[in-house]
Amino acid sequence: MLTRIHNFLPISRQERLKIPICGRGTWDGLTIDELKPNEIDHVVIKRRDSAFQDTELRVWLQSIGVKLLVFTGIDTSICVETSLRDGFNIGYDVMIISDATASGDKRHYETTLERVRDYYGLVMDTERFKRAIGKLDMVRKGQIDVRTMPDEQTEALLDEFNLLDPRKFATEATTL
C-alpha cells in the first residue's frame, strides 16, 4: 500500500513492504484477552500511523466530551507519537504513559518522551498515573476542592511536570 501512495520511502521501511505489520487477522494484529473490547466499547479501525487520520476518532471523542488523551502502545516514536501530536494539534491535552509504550529503538523511544515532555504534554509511569487518577477521583467525589488547594501543592504539581500555570493564562494573554 505504501508504494501506491508514496514516491520516496526510507530504506528502513523496506521490511514493511514485504511483510505488513499489525494487519487485521494476523498474530501481531490480535488484541490480548485482557484488552479485548466489550459490547459498550467503541472500536476505531486504524489504518495509518495516526489514529486520527482517515478515522472517526475525533468526532467520537468530541461527541462524548473528552478533553485529555492518554497514550500507550507501540511503536512509541511512530504511531503513538504521531497520534499524540495530531491530538494535541486539534486541541486535546495529551499524556503518555512511559512504561506502557515501547519501541524497537531505545533512542527513538527516549526522544519521543523528551519531545512530549518539552513540547506537548505529560509523561508519567503507570504508578504515577494511578496516583493521579486516584486524586482526580477524590476531586470528582468532592473529597478534594482544587479551588482551595494550598498554593504549595499546586506549585509542586506544576514543577513536577514542568507545566505552565493555568491560573496565569488569562493575565498573560491580556498583557501581550
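Please sort by residue number the trypsin sites (Lys or Arg not before Pro) in the stretch 81-143 whose DSSP state is loop and whose Cβ has at most 16 other Cβ atoms within 10 Å.
141
At a 10 angstrom cut-off on C-beta neighbours, averaged per residue, how do the peptides 27-35, 95-103, 63-71 rank from highest to lowest?
Listed from highest to lowest mean packing, they are 95-103, 63-71, 27-35.
For labels at residue 36 and residue 156 in the simple 7 Å Cα→Cβ model, what's the distance in nm?
It is 4.3 nm.
Could you tell me which of the pairs 106/141; 106/135; 46/106 are separated by over 30 angstrom between their Cα atoms in the structure shown?
Beyond 30 Å between Cα atoms: 106/141; 106/135.
Among 108, 42, which comes first, second and so on when ranked by fewest other beta-carbon atoms within 10 Å?
Least to most surrounded, the residues fall as 42, 108.
Rule-based calculations on the coordinates, nothing more; no lab input. Predicted, not measured: the structure shown is a model, and the values here were computed from it. We place every Cβ from the backbone using ideal geometry, glycine too, and count neighbours over all the protein chains shown.
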